[in-house]
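Asker: Please read through the structure below; I'll follow up with questions.
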Number of protein chains: 2
Amino acid sequence: MAVDREQVLRGAAALLTHKSTATMDEVAKAAGISRATLHRHFAGRDALVRALEALGIAECESALDTARLDEGPARDAVRRLVREIEPAAGLLAFLYTENQLFEGEEQHQGWTRIDERVSGLFRRGQLSGEFRIDLTPAWLSEALFGLLASGAWMVQCGRGAPKDFQHMIVELLLGGALRPPAPQDG
Amino acid sequence: MAVDREQVLRGAAALLTHKSTATMDEVAKAAGISRATLHRHFAGRDALVRALEALGIAECESALDTARLDEGPARDAVRRLVREIEPAAGLLAFLYTENQLFEGEEQHQGWTRIDERVSGLFRRGQLSGEFRIDLTPAWLSEALFGLLASGAWMVQCGRGAPKDFQHMIVELLLGGALRPPAPQDG
DNA sequence: CCCAGGTGAGACAGTGATGTCTCATTCCCG
DNA sequence: CGGGAATGAGACATCACTGTCTCACCTGGG
């Protein structure tokens with residue numbers, strides 16, 4: 001009975017997301033298989049992390065596709081994007097920190113593609129006059145992923161409710177903490 | 001000549017900030033001392049990380065004091081806080097991820113204190129009507145640290161200029177990405 | 001029934017980091 | 001100048017994780 005590679009990756013992601021130093025043994029246990037079988041499917045820890053990276057990229061790009069970033073107001077596209085990407089937020093949070101390990105090597109091309117698409121969305125919003133122009137698209141993109149990670153950790157630690165996830169992130173990213181000034185006539 | 005413990009911690013922080021898996025040997029080299037001396041001052045890697053945590057907490061609380069969170073408009077207090085905390089952002093970014101390792105144990109009391117003070121600032125802003133009330137103080141606090149970490153990494157990777165650090169973080173946190181509606185009379 | 005493929009359990013050596021130790025050297029202070 | 005403290009260099013055992021291997025099992029298909 002062939003192990004479901006996808007399911008193993010899910011289990012590994014779930015564990016590594018909240019314990020990034022888990023050993024291959026722990027990963028195997030979390031995935032419900034033996035360490036030997038884990039090694040049969042992934043040459044080593046590095047290969048496993050790479051596979052998780054590929055999975056994260058795939059889920060990201062899938063979310064980007066589903067969110068239809070080119071349609072409608074940019075702010076609505078951001079809302080759709082956060083909603084679609086939420087299920088992958090935990091995995092992204094793990095990869096977000098793990099990427100620090102890849103310092104020596106070049107970044108995976110997938111991340112560049114994703115970053116370009118997200119930055120492009122923010123740039124579109126700036127050109128349409130929706131978004132302010134003193135914050136660079138690169139920073140807005142980085143901030144989006146940072147907030148996603150923060151939100152994922154917060155939910156994982158039980159300090160926040162999953163149902164608030166999208167609202168917290170989108171509202172802070174788009175509107176900020178300041179209360180919008182009431183329409184005034186004086 | 002007694003090693004300057006503070007200086008060693010600075011060196012360790014600088015290295016671990018952008019390579020969280022650095023070995024004791026690398027840390028020692030980065031701090032300009034031998035591994036033996038490093039072990040004489042910090043019983044082990046764990047003790048070193050704990051000391052870095054204490055340093056980070058101390059710098060945070062120092063920044064909180066200097067920023068005088070209780071004075072003036074809350075938005076200005078946030079601006080002062082980010083400005084004061086910027087030098088420690090790299091260290092905080094490291095601790096922000098490293099904290100995942102302390103999952104089993106209780107969180108350091110210092111973080112709780114810091115979180116309460118920052119949350120208190122946001123709560124004050126909500127009560128004064130400056131900040132919107134649909135984002136919890138806990139989330140705003142979490143988001144602040146998340147954005148600090150994102151900003152620190154971005155600067156470290158050369159994808160952003162240090163001079164933009166404060167502006168990027170404060171403006172996004174307070175104002176969000178949306179362009180504020182122009183004062184309109186119709 | 002029998003066999004082949006996939007799996008679990010465990011043994012095994014290799015590796016890298018750790019923590020401790022010793023010894024020579026250096027530097028400050030008296 | 002002399003002594004003591006601190007440091008650097010390196011040896012050493014230990015430990016945890018890794019990667020590979022073997023063997024038994026068990027499960028489904030011919």
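The values are calculated or read from the model by the stated rules, or taken from the named source; none is laboratory data. Just so you know, these numbers come straight off a predicted model, no measurement behind them. No Cβ is skipped: glycine too gets one built from the backbone with ideal geometry, and neighbour counts run over all protein chains shown. SASA here: full protein model, heavy atoms, side chains in, ligands and nucleic acids out. Shrake-Rupley method; radii C 1.70, N 1.55, O 1.52, S 1.80 Å.
Asker: Taking chain B as the reference, fit the longest principal axis to its C-alpha atoms, fit the long axis of helix B:74-85 to the helix C-alpha atoms, and give the angle between the two in degrees, 0 to 90, nearest 10.
Answerer: The angle comes out near 20 degrees.
Asker: A follow-up question, please. Specify the longest stretch of chain B that does not include any exposed loop site, a site being one of the GluC sites (Glu not before Pro) with a non-H, G, I, E, B DSSP assignment and at most 13 other Cβ atoms within 10 Å. If you can, show how the numbers build up before the last one.
Answerer: Numbers: sites that count: B:GLU71, B:GLU103, B:GLU105, B:GLU106.
Excluding the exposed sites themselves, the longest stretch runs over B:107-186.
Asker: Mind pulling the angle between the C-alpha long axis of helix B:5-18 and the longest principal axis of chain B? Nearest 10 degrees, somewhere in 0 to 90.
Answerer: Taking Cα atoms only, the helix is inclined about 70 degrees.
Asker: Measuring from the axis that superposes chain B on chain A, report the chain B residue with the minimal C-beta distance, rounded to whole Å.
Answerer: B:GLY176, 2
Asker: Assume the label is 7 Å from Cα along Cα to beta carbon: what separations in nm does B:GLU26 have to the matching positions in the other copies?
Answerer: Spelled out, the distances from B:GLU26's label point are 2.0 nm.
Asker: Considering the Cα positions of region B:122-186, please state its Rg to one decimal place and its Dmax as a whole number of Å.
Answerer: When restricted to the Cα atoms of region B:122-186, Rg and Dmax are 14.4, 46 Å.
Asker: Would you check the accessible area of B:LYS29, probe 1.4 Å, heavy atoms only, in square angstrom rounded to 10?
Answerer: 150
Asker: 222 nm [θ] for chain B, helices only, -39500 (n - 2.57) per DSSP H run of 4+, per residue, to 500?
Answerer: Values: 9 runs with 124 residues, N = 186.
So the calculated ellipticity at 222 nm is -21500 deg cm²/dmol.
Asker: Principal axis extents for region A:1-42, Cα atoms only, whole Å, descending order, please.
Answerer: Each principal axis gives a Cα extent; for region A:1-42 these are 29, 17, 15 Å.
Asker: Another question, if that's okay. Peptide B:130-139: average number of partner chain Cβ atoms within 10 Å per residue?
Answerer: Mean inter-chain Cβ contacts per residue within 10 Å come to 5.
Asker: Another question, then. Taking only Cα atoms and a 10 Å spring cutoff, compute GNM fluctuations for chain B and point out the largest among B:ALA28, B:ALA74, B:ALA161.
Answerer: The residue with the greatest mean-square fluctuation here is B:ALA161.
Asker: Please tell me the relative contact order of chain A in percent, rounded to the nearest whole number, where contacts are Cα pairs under 8 Å and at least six residues apart. All intermediate terms of the calculation are to be shown ahead of the outcome.
Answerer: Details: 147 pairs, mean separation 37.9, N = 186.
For chain A, the relative contact order is 20 percent.
Asker: While we're on this one: For region A:38-87 and region B:116-186, write down the distance between their C-alpha centroids in whole Å.
Answerer: Here the answer is 26 Å between Cα centres.
Asker: So what's the angle, to the nearest 10 degrees on a 0 to 90 scale, between helix A:109-127 and the longest Cα principal axis of chain A?
Answerer: 10
Asker: Applying 1/(1 + (r/R0)^6) with R0 = 41 Å to the Cβ-Cβ distance of B:ARG5 and B:ASP76, what FRET efficiency is obtained, to the nearest 0.05? Walk me through the numbers on the way to the answer.
Answerer: On the way: r = 35 Å, r/R0 = 0.87.
Result of the calculation: an efficiency of 0.70.
Asker: Need one value: the accessible area of B:ILE33 in square angstrom, 1.4 angstrom probe, rounded to the nearest 10.
Answerer: For B:ILE33, the solvent-accessible surface is approximately 40 Å².
Asker: Write down the radius of gyration of region A:54-175 and its Dmax, each obtained from C-alpha positions, in Å.
Answerer: For region A:54-175, the Cα radius of gyration and maximum Cα-Cα distance read 14.0, 40 Å.
Asker: Another question, then. Determine, from the Cβ-Cβ distance of A:ASP65 and A:ILE133 and an R0 of 30 Å, the FRET efficiency 1/(1 + (r/R0)^6), rounded to the nearest 0.05.
Answerer: Efficiency computed from Cβ-Cβ geometry: 0.65.
Asker: Place the peptides B:86-93, B:16-23 in order of packing, highest mean first, counting for every residue the other Cβ atoms within 10 Å and averaging per peptide.
Answerer: Working: B:86-93: 21.2, B:16-23: 16.6.
Going by the mean number of other Cβ atoms within 10 Å, highest first, we get B:86-93, B:16-23.
Asker: Across 20 Å bins from the origin, how do the percents of Cα pairs in the protein assembly as shown run, short distances first?
Answerer: Calculated P(r), rounded to whole percents: 27, 57, 15, 1.
Asker: Could you bin all the Cα-Cα distances of region B:63-131 into 10 Å bins starting at 0 and give me the percent of pairs in each, rounded to whole numbers?
Answerer: So the P(r) values, bin by bin, are 19, 45, 27, 9.
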